[in-house]
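Novice: My questions all concern the structure below.
The values are calculated or read from the model by the stated rules, or taken from the named source; none is laboratory data. None of these values were measured; they are calculated from a predicted model. Heads up, the Cβs are rebuilt from the backbone with ideal geometry, glycines too, and the neighbour counts pull from every protein chain shown.
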Amino acid sequence: MSLSKLKTSKGSLAFVENGEGETLVLWPSLFTDHTLYDDVIGALADSRWRTIAIDGPGFGASTPPNGIVQPSGYADLVVELADRLRIDKFYFAGTSWGGQIGAHLGAKHSDRISGLLLMNTPIEPSHGGHLFELWMTRILGNTAIAANGVARNFLALKTVESHPERVKRFTSTFASFDKRAAVQAVDTTLRHFDGIETLLARLTIPTTIMFGAEDALYPADRSVAMARSASKAEVVVVQDCGHLIPLEAPEAATRAVVGLRALVDLQDANAEET
């Protein structure tokens, strides 16, 4: 897998492309980069998938965005990337921040999306909350202290105890992000967030929504109830998993991707019969 960069309307966007077949675009959580999906990409390598894993603006090798950008604006950026790469329809998977973007993408650009996977995605509005995360990012930025603190909040105890290599992969991404861009992203996605309930209600494409049973940021019980009441999506809870399903439970994320394609293939076959 090699890193590519593309100049876009919101700055230089970095991404890693791998494989051939159905296109799956992957957008990571805050404080991570494309490596969040390494295990999922590896599992899909022999399954007729073309994966495009993005570094969010200001994270990894992507430059900070040109001004303040809301998740709806990043949904447009995904379509811009697809247009530049001459991709008509594609699947999209996003985690947390990426899930917010995915909800806007599915609601605004449903004609471009084959299937949608939202993981660890906040659903409720947040106006003024998460002050701790904002000040931590402003003060500690991309330091090792911040990385270890966020890891304790994001990851389930089982992940920390059983997979130290995954914890290390997560904390290592902190060294590369732009602090100012991270503060902006925290402010727009955590503190001033309108929620996605209305967007979920508008989704007409095959969608799977996944939550970690041990997600301390967004407790699964409340999130699951809201997702089921607001959408027709399949809702899945992953046991012994915190806020980063692709890192902590890549097998579950991979199954969800494969399941989405199977559902789309079945719908297409039924449409042809009728």
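Quick grid of which residues meet (1) under 16 Å from the mean Cα position of the chain (by Cα); (2) not aromatic (Phe, Trp, Tyr):
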{"site": "5", "(1), (2)": "no, yes"}
{"site": "38", "(1), (2)": "yes, yes"}
{"site": "50", "(1), (2)": "no, yes"}
{"site": "60", "(1), (2)": "yes, yes"}
{"site": "68", "(1), (2)": "no, yes"}
{"site": "91", "(1), (2)": "yes, no"}
{"site": "95", "(1), (2)": "yes, yes"}
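Novice: Tally up the residues in the range 16-29 that are part of a loop (DSSP other than H, G, I, E, B) and touching a Leu at 6+ places or on another chain (Cβ under 8 Å), please.
Specialist: Residues in the range 16-29 being part of a loop (DSSP other than H, G, I, E, B) and touching a Leu at 6+ places or on another chain (Cβ under 8 Å): 3 in total.
Novice: With respect to residue 138, determine if the residue is touching a Ser or Thr at 6+ places or on another chain (Cβ under 9 Å), of a type outside the set (A, V, I, L, M) and touching a residue at least 40 places away in the same chain (Cβ under 8 Å).
Specialist: No, not satisfied.
Novice: So residue 61 passes all but one of these: (1) in contact (Cβ under 8 Å) with a residue 24 or more places away in the chain; (2) more than 19 Å from residue 192 (Cβ to Cβ); (3) assigned to a helix (DSSP H, G or I). Which condition number does it fail?
Specialist: Failing condition for residue 61: (3).
Novice: Going by the conditions given, is residue 251 part of a loop (DSSP other than H, G, I, E, B) and within 27 Å of residue 167 (Cβ to Cβ)? Quick ask: steps written out before the conclusion?
Specialist: Values: part of a loop (DSSP other than H, G, I, E, B): no; within 27 Å of residue 167 (Cβ to Cβ): yes.
It is false that residue 251 is part of a loop (DSSP other than H, G, I, E, B) and within 27 Å of residue 167 (Cβ to Cβ).
Novice: Please tell me if residue 233 is closer than 17 Å to residue 29 by Cα and out of contact with any Pro (no Cβ under 6 Å at 6 or more places or on another chain).
Specialist: no
Novice: Can you tell me which residue within the range 5-29, out of those that are under 14 Å from residue 40 (Cβ atoms) and among the β-branched types (Val, Ile, Thr), is surrounded by the fewest Cβ atoms within 10 Å (Cβ to Cβ)?
Specialist: 16
Novice: Across the range 141-150, what is the total count of residues that are part of a helix (DSSP H, G or I), touching a residue at least 24 places away in the same chain (Cβ under 8 Å) and among the small types (Gly, Ala, Ser)?
Specialist: Qualifying residue count for the region: 3.
Novice: If the Cβ limit is 7 Å and pairs must be 6+ apart or interchain, which residue in the range 205-221 that is touching a residue at least 24 places away in the same chain (Cβ under 8 Å) pairs with which residue that is in a strand (DSSP E or B) and surrounded by fewer than 20 Cβ atoms within 10 Å (Cβ to Cβ)?
Specialist: Sorted first by the residue in the range 205-221, then by its partner, the pairs are 208/234; 208/236; 209/235; 210/236; 211/237; 213/237.
Residue-wise test of (1) under 28 Å from residue 203 (Cα atoms); (2) touching a Cys at 6+ places or on another chain (Cβ under 9 Å); (3) loosely packed, with under 15 Cβ neighbours inside 10 Å; (4) of a type in the set (Lys, Arg).
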residue: 75; (1), (2), (3), (4): yes, no, no, no
residue: 79; (1), (2), (3), (4): yes, no, no, no
residue: 143; (1), (2), (3), (4): no, no, yes, no
residue: 150; (1), (2), (3), (4): no, no, no, no
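Novice: For the range 95-126, which residues satisfy the criterion of being assigned to a strand (DSSP E or B) and either hydroxyl-bearing (Ser, Thr, Tyr) or within 15 Å of residue 218 (Cα to Cα) (or both)?
Specialist: Result: 95, 114, 118, 119, 126.
Novice: Turning to a different aspect of this structure: Restricting to the range 211-235, what's the tally of residues that are crowded, with 18+ Cβ neighbours inside 10 Å, within 19 Å of residue 114 (Cβ to Cβ) and in contact with a strand residue (DSSP E or B) (Cβ under 6 Å, 6 or more places away or on another chain)?
Specialist: Number of matching residues: 1.
Novice: Could you say which residue among 204, 173, 208, 159 is of a type in the set (S, T, N, Q), at pLDDT 90 or above, over 22 Å from residue 240 (Cβ atoms) and surrounded by 14 or more Cβ atoms within 10 Å (Cβ to Cβ)?
Specialist: 173
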